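Below is one structure; the comments refer to it alone.
The values are calculated or read from the model by the stated rules, or taken from the named source; none is laboratory data. All values reported here derive from a predicted model rather than from experimental measurement. Cβ coordinates were reconstructed from backbone atoms using ideal geometry, including for glycine residues, and neighbour counts include every protein chain displayed.
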Amino acid sequence: MSGNFRVGRMLTSGDLRLMTLYLLKEQPRYGYDLIRAIEEKSVGFYSPSPGILYPALTFLEEAGYATSHIDGNKKLYTITDEGCAHLSDNRKSIESTMAFLAKAGEKMHRFREFAQADWSAQRDGSTDQPRSGCSHPIRS
């Protein structure tokens, strides 16, 4: 995940479950596709690890909110009617989570652009060595 900023467990398990249901309502997905979709919705700010996402999917299946079927060596997850009802009951929470991730992602995107421009300016304005931030020469 080069270039991506990770912050531990970004979402509570309930937020992640709701976001997963939201994405499954759009279309059936594989676990890896869900990880990528969450990363996309957060503009690269958050990408849940498989160790976080798959337990959430297991919970959703056990709660009756999602089903899966084996497709080759992968599982394809689909939202159930119960999952749609649960998502509808928690509409404000999912809207809040999605807005938070989009806003955080946009801020991180702008920060990355600024940092890249700053680094490029420092690199172009100096010798082959990046600036160390020290104004005193290093003595040997």
Candidate set: region 28-56, residues that are touching a strand residue (DSSP E or B) at 6+ places or on another chain (Cβ under 9 Å) and not in a helix (DSSP H, G or I); chosen: the one surrounded by the most Cβ atoms within 10 Å (Cβ to Cβ): Arg29
What pairs come up if the first residue lies in region 69-93 and is of a type in the set (Val, Ile, Thr) and surrounded by fewer than 14 Cβ atoms within 10 Å (Cβ to Cβ), the second is outside any helix (DSSP H, G or I) and modelled with pLDDT of 95 or more, and their beta carbons are under 9 Å apart, counting only those six or more places apart or on different chains? Ile70/Leu76
Yes/no for Leu60 being touching a residue at least 24 places away in the same chain (Cβ under 8 Å), closer than 30 Å to Glu113 by Cα and surrounded by 15 or more Cβ atoms within 10 Å (Cβ to Cβ): no
Say whether the condition of being modelled with pLDDT under 95 and in contact with an Asp or Glu (Cβ under 7 Å, 6 or more places away or on another chain) is met by at least one residue in region 37-44. yes
